[in-house]
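Reading through the structure tokens given below for one structure.
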Amino acid sequence: QVRLVESGGGLVQPGGSLRLSCAASGSIFSLNAMGWYRQAPGKQRELVAIIFSGGTTNYADSVKGRFTISRDNAKNTVYLQMNSLKPEDTAVYYCNAGARPAAWERLSSYWGQGTQVTVSS
């Protein structure tokens, strides 16, 4: 199985920065797209940013120009650098990865446990 562990959340003032990390471990034959989603209280989970294995990235309009997603394939880790944070960025942030645990297994979607990001003065 593939396990995703996030870190880096916390409390930050508006205008501040945070860097989230998500490390994949376990039985990993291949990692495809890796992404960050978030869910605020009373709202649906939404895509924040995604990065494909070749490096192509996509961002939600609300975070373009402020957030940067990157990955270190050697470490099976994806990062989310969040700058100019706003109160509306407050949410639980979840890491997601498409992965194959073994060559003979199909591609499946895996989720981390989530990390809280709170933007408040």
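Identify, please: which residue in segment 20-45 is among the charged types (D, E, K, R) and surrounded by 14 or more Cβ atoms within 10 Å (Cβ to Cβ) and is, among those, farthest from THR57 (Cα to Cα)?
If we take residues in segment 20-45 being among the charged types (D, E, K, R) and surrounded by 14 or more Cβ atoms within 10 Å (Cβ to Cβ), then ARG45 is farthest from THR57 (Cα to Cα).
Tell me, which residue of segment 1-19 that is open to solvent by 60 Å² or more (accessible area, probe 1.4 Å) and touching a Pro at 6+ places or on another chain (Cβ under 8 Å) is modelled with the lowest pLDDT?
Restricting to residues being open to solvent by 60 Å² or more (accessible area, probe 1.4 Å) and touching a Pro at 6+ places or on another chain (Cβ under 8 Å), the top hit is GLN1.
With the condition being touching a residue at least 40 places away in the same chain (Cβ under 8 Å) and in contact with a Pro (Cβ under 6 Å, 6 or more places away or on another chain), I'd like the strands (runs of 3 or more DSSP E) fully within segment 71-120 carrying at least 1 qualifying residues.
115-119
Do we find a residue being within 15 Å of GLY114 (Cβ to Cβ) and of a type in the set (Phe, Trp, Tyr) anywhere in segment 22-36?
Within segment 22-36, one or more residues are within 15 Å of GLY114 (Cβ to Cβ) and of a type in the set (Phe, Trp, Tyr).
Report the residue count in segment 53-70 for those that are outside any strand (DSSP E or B) and either modelled with pLDDT under 95 or buried (at least 19 other Cβ atoms within 10 Å of the Cβ) (or both).
4
The values are calculated or read from the model by the stated rules, or taken from the named source; none is laboratory data. Here the structure is a predicted model, which means the values were calculated and not measured. Counting neighbours? That spans all protein chains shown, and the Cβs are built from the backbone with ideal geometry, glycine included. Note: areas computed on protein heavy atoms with side chains; ligands, DNA, RNA excluded. Shrake-Rupley method; radii C 1.70, N 1.55, O 1.52, S 1.80 Å.
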